[in-house]
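Undergrad: A single structure is presented below for examination.
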Amino acid sequence: MTDRQDRDRSRSPDHGPASTEPPEQRRILRTLVLAQVFSGAGLAAGITVGALLAQDMLGATSLAGLPIALFTVGSAAAAAGVGRLSQRFGRRPGLTTGYAVGAAGSAGVVLAAVADSVPLLFAALVVYGAGTATNLQARYTGADLAAPARRGRAVSTVLVATTLGGVLGPTLVSPMGRLATAWGLPPLAGPFLLSGTAYLLAALVLGLLLRPDPLHLARERAAAVAISSESVGPSPTSHEATGTAGTGGAEPGGVALGASVMVLTQLVMVAIMTMTPVHMAAHGHGVGAAGAVIAVHVAAMYLPSPLSGWLVDRYGRLAVAALSGITLLAAGVLAATAPTDSVVLLALALALLGLGWNLGLVSGTAIITDAVPLERRAATQGTVDVGIAVAGAGGGLASGLVVAAAGYPALAVAGGVVALAIIPIVAAGSRARRHADPAAGTTA
């Protein structure tokens, strides 16, 4: 199915207004929004000080990217686990478990900082990664009941909810540091107290309120449509009307295409983001300034989601994916050339970095959801997110080594160049779609 066909169906009389959502979908989105506000705070707080904590405990800048690498390794394992749990038991048990494990990891990081135990820190960061994985997995939940022509906007609704917590979390780094000091804890352990509490609240919200389970309901509707089709003949718009099926493989190479876009955007984003606080600290900026820059970055990762979702649904998945590569290149160039005393330009560069990541994530998620039939959707999505997490781990680990060897500007430029690989990948995907469906043109 092409994006043009999706858009035409969403505007057809049989479907009613494109803005209409079933009441169950509206309730599910409201619950996800609340949970994502909490989880966004947990995610952003840990990102802000993770590299600084490692640098402080290990005494080496070259290893400052290790925390991001470790909790993205944990994120990879958790992505597979959450995907399998969701596939078997539903989205609610999968997401609730993921956030609870992330909260336990946050507590472990605090204990490691108190005990000055590097092995415990490493182990706890791996467990902490479950919160990151679950935060991303939640976006798929928003699309379970969405019609194909509204999937970009459904994904974006869940992502944008992370903005409030994501912006609030880094701004609380300094106050949480002072609170930790008042309690006799290392100041850099404070933000992980916030992370643990936020992830635990997200788990409680989903465990209590995510009803009906969207994946279960989507399967029930798909089964009802199948029975109805067998009885009275297939309806040409039944799947889109119920929002329960993707194109079931009609997108040539859709899984590989969507995964490639998201892997590259994650790799570049994590690498540059990880070392920005370290770069700022090396040039005399305090934790508060670094927290403000990361707050801007996290806001840009999620706040543009409604626009990204609309662009994906209006102009096509592939066009937005290509735009993400160009935006990430601009971010890398600006980060590399910004004066070291300019917090404003660094914040702008990190905002572009977040925007490019968002464009890639929303478009890639829509491509994946389109391409995978419902009966395999959750497990496949979890597997794709494993690759995304591994890319993040590689970016986080390599970032410290590159900065130690060649400097932050070299890392930023290299990241932007790597992001350009998205464009030939998208071009190949477009050719494959035109070959499979000559009517698709360039609208996919």
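Since every read-out is calculated from the coordinates, none of them should be taken as a lab result. Nothing here was measured: the structure is a model prediction, and the numbers come from that model. Methodologically, a virtual Cβ is constructed for each residue, glycine included, from the backbone with ideal geometry; neighbour enumeration extends over all protein chains shown.
Undergrad: Want the number for E24 to R88: 0.36 nm per residue separation, take away the alpha-carbon distance, what's left? Mind dumping the intermediate values first?
TA: Values: separation 64, 0.36 × 64 = 23.04 nm, distance 2.10 nm.
Additional length available on full extension: 20.9 nm.
Undergrad: Which order results if L208, L346, L303, L164 are arranged by neighbouring Cβ count within 10 Å, fewest first? Working shown, then result.
TA: Values: L208 11, L346 27, L303 22, L164 18.
Least crowded to most crowded, the residues run L208, L164, L303, L346.
Undergrad: Please state the charge dipole magnitude for the chain, taken about the Cα centre, from unit charges on C-beta atoms (+1 on K and R, -1 on D and E), reported in debye and rounded to the nearest 20.
TA: 540 debye
Undergrad: Right, something else. Would you mind calculating the gained length between S117 and L208 on full extension (0.36 nm times residue separation, minus the Cα-Cα distance), in nm to one decimal?
TA: Numbers: separation 91, 0.36 × 91 = 32.76 nm, distance 3.59 nm.
Working it through step by step, the gained length comes to 29.2 nm.
Undergrad: In deg cm²/dmol and to the nearest 500, what is the mean residue ellipticity at 222 nm of the chain if only DSSP H runs of at least 4 residues count, each as -39500 (n - 2.57), divided by the residue total?
TA: Counting only the DSSP helices, I get -27500 deg cm²/dmol.
Undergrad: Something else about it: Quick test of the membrane-span-like rule: which DSSP H helices of the chain reach at least 30 Å along their long axis (C-alpha atoms) with mean Kyte hydropathy at least 0.5?
TA: Span-like helices, by this rule, are 23-58, 66-89, 91-115, 118-143, 151-171, 254-282, 317-337, 343-371, 377-406.
Undergrad: Taking a label point 7 Å from the Cα of D341 along the Cα→Cβ vector, which residues of the range 270-287 have an amide N closer than 14 Å to it?
TA: Only 283-285 fall inside the zone, counting backbone N under 14 Å.
Undergrad: Find the centroid of the Cα atoms in the range 254-272 and in the range 110-183, then give the distance between the two in whole Å.
TA: Centre-to-centre distance over Cα atoms comes out at 19 Å.
Undergrad: Need one number: nm distance between label points at R178 and L58, each 7 Å from Cα along Cα→Cβ, rounded to one decimal.
TA: Taking the simple label geometry, R178 and L58 are separated by 3.1 nm.
Undergrad: Evaluate the relative contact order of the chain (contact order divided by residue number), counting alpha-carbon pairs under 8 angstrom at least 6 apart; express in whole percent. Intermediate values should be presented prior to the final figure.
TA: On the way: 941 pairs, mean separation 113.9, N = 444.
Computed over the chain, the figure is 26 percent.
Undergrad: Turning to a different aspect of this structure: Ratio of Rg to Rh for the range 95-186, alpha carbon only, Kirkwood? Don't skip to the answer; put the middle values down first.
TA: Working: Rg = 16.8 Å, Rh = 15.1 Å.
Here Rg/Rh amounts to 1.11.
Undergrad: OK, next. Rounded to the nearest 0.05, what FRET efficiency do I423 and L307 give with R0 = 22 Å and r taken as the Cβ-Cβ distance? Could you check?
TA: On the way: r = 21 Å, r/R0 = 0.94.
Using R0 = 22 Å, I get an efficiency of 0.60.
Undergrad: Determine the dipole magnitude for the range 290-402: charges of +1 sit on the beta-carbon of Lys and Arg, -1 on that of Asp and Glu, nothing else is charged, the reference point is the Cα centre, and the result goes in debye to the nearest 20. Present the calculation step by step, with values, prior to reporting the outcome.
TA: On the way: 4 positive and 5 negative charges, 28 e Å.
Approximately 140 debye in magnitude.
Undergrad: Which one of L168, A218, G152 has its Cα pushed farthest toward the positive end of the charge dipole of the range 128-229, where Lys and Arg give +1 and Asp and Glu give -1 at the Cβ?
TA: About the Cα centre, the residue reaching furthest to the positive side is G152.
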